[in-house]
């Protein structure tokens, strides 16, 4: 069994940065954008989905 608290403790010391790196596409009430995710020095790109509800933006999915 893994020590989940220990794993999260290690992750929390690594800087994580999300930055939109492309246009925002709208389809109904859902908006998607390609986001550059940088963890430490490693960069990857994923498409994330967002929704606007009750006056605030929410993450709808973690990449697809």
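Coordinate-derived values only; no laboratory data. It should be emphasised that the depicted structure is a prediction, and the values quoted were computed from it without experimental measurement. Every residue, glycine as well, gets a Cβ built from its backbone with ideal geometry; the counts of neighbours run over all protein chains shown.
Figures for the structure shown
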| read-out | value |
| --- | --- |
| Region 15-61, Rg to Rh (Cα coordinates; Rh as Kirkwood inverse mean 1/r) | 1.03 |
| Two-site label geometry, residue 39 and residue 8: point separation in nm, points 7 Å out along Cα→Cβ | 1.6 nm |
| Ordering of 13-19, 46-52 by packing [mean C-beta count within 10 Å, highest first] | 46-52, 13-19 |
| Projected label distance in nm at residue 53 and residue 25, using a 7 Å step from Cα toward the beta-carbon | 2.3 nm |
